[in-house]
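In what follows, a single structure is set out as structure tokens and then discussed.
The values are calculated or read from the model by the stated rules, or taken from the named source; none is laboratory data. Keep in mind the model is a prediction, meaning the values are calculated, not measured. As a convention, Cβ positions derive from the backbone with ideal geometry for all residues, glycine included, and neighbour counts pool all protein chains shown. In case anyone asks, the SASA skips ligands and DNA or RNA and just uses the protein heavy atoms, side chains included. Shrake-Rupley method; radii C 1.70, N 1.55, O 1.52, S 1.80 Å.
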Amino acid sequence: MFDFLSQKFSGVLSWLKDRGRLTEENIEQAINQVRDALLEADVPYEIVDAFLNQIKDEVVGKKVQQALNPGQQLIKIVHDKLLSFLGGSNALSTVSLPIPSVIMVMGLQGSGKTTTIAKLTHWLMQQAKQRGKKRKILLASVDFYRPAAIDQLEILAQKVGADFYRASSTKALPAAQEIHQHFKNNHYEFLFLDTAGRLHIDQDMMTELVEINTKLAPKYKFLVLDAMTGQESLRVAKAFETAVGFDSAVLSKMDSDTRGGAAFAFRYALKKPISFVGNGEKIEDLENFVPERMATRILGMGDILTLIEKANETISEENQEAITRRLLDGHFTLKDFADQLGFIDKMGSLQKITRYLPGMNNVSPEMMEKGQVEIKNFKAVISSMTNKERLIPSIIDASRKKRIAQGAGVTIQDVNQLLQRFDQSKQFVKMFKKAGKFRKFFM
């Protein structure tokens, strides 16, 4: 998501961390490197200057050079200013939508608007599910400009388990009014209305949006922006804000080769929050934009809280407790090990997971790919074992290893590697149990 900025920032600041003394030249060097990183990330020049001037003022005001640990003090200043630019520590960590709500979703063609509606619907349903509730949600579209846009939304509605309504009118405003009436008549809690986009901003599109906004008076308006368009996304957002207004933005395609400049500059430039970021093609690939967590991620400090939340969404509490109990009792088997590898797959690729871990931003794509292949091989090896072998790995001798390797399509070395990793994980648990820390970390 912020891979480019994270690599740049952590590279700039790593040499500052343990500095016992900083000179004016050191500080100026660090600030210039931060400037280069932000400009490379396509942050507008005037916003880069505003950010760096705030850092400089803070450095002078707090007399960083005279601090007990000047390197750490400078990093803290950069973190605090970064947090402020992204929205501040008091920013809402999630969107609150009253019931009932009409939610208008806007954006240019190709921004990922329609797919984002499905992701937002899935997010709402998951939030309700965690509280033991269900949501009655209607999806509908007035995008008559893009061929098959309405059909796409109908398919996505079925995928996420929401209702879909197709208006009889093919004119945007009458269709929107018809959809709104269906929403009220059937007592839905939420209506996500997909509006028409264009390849570029034009007056016809804006007029249409203004008319729909006036007639339906939506409780919330999302603007979906393609993060890959960099500074252009800021200009698009300003045009939408001037014409029709919006409450918050969703930045799509943040998993692509985007450099994160739009996300960095958005709050400062628009005075509007980013509520979500899309980081993949799957329905569940939508993440709350929490400024505090994004700031630590950019600085290469990881985002463990988001990783824990993703794990909790993927792995049921019952499964977590069962695995923990078997680990504590010493009954952890290769079947459990395979289940854990499956949970990792459900959470996403290794590349996605390691983005949340501190200090992992410089791991090469080749290493990630190697790790992904290793997991695939381990699962194949365990699948080729008999049930008895999974429960009692100690019985796996040379002839069994040969049979397992042939069945899995791997080498005997791969089988040995799996068994070594399994033994290491068990030794790790024993070490923590002896130290009395296992429950603290795993319960």
Note to self: For the ranges 242-252, 160-170, what's the packing order if you count other beta-carbon atoms within 10 Å of each residue, average per peptide, and put the highest first?
What the structure shows: 242-252, 160-170
Item checked: Considering only the range 139-286, percent of DSSP beta bridges that pair antiparallel, nearest 5 -> 5 percent
Next item on the list: Rounded, prolate or oblate: pick one for the range 150-236, where a ≥ b ≥ c are the square roots of the eigenvalues of its C-alpha gyration tensor, a/c under 1.5 means rounded, and failing that, prolate if a/b is larger than b/c, else oblate.
Entry: prolate
Notebook entry, point to check: Quick one: if the Förster radius is 30 Å, what FRET efficiency do Lys215 and Gln126 give, using the C-beta to C-beta distance and rounding to 0.05?
Noted result: 0.45
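Could you rank Asp57, Asp80 by how accessible they are, 1.4 Å probe, largest area first?
Ranked list, largest accessible area first: Asp57, Asp80.
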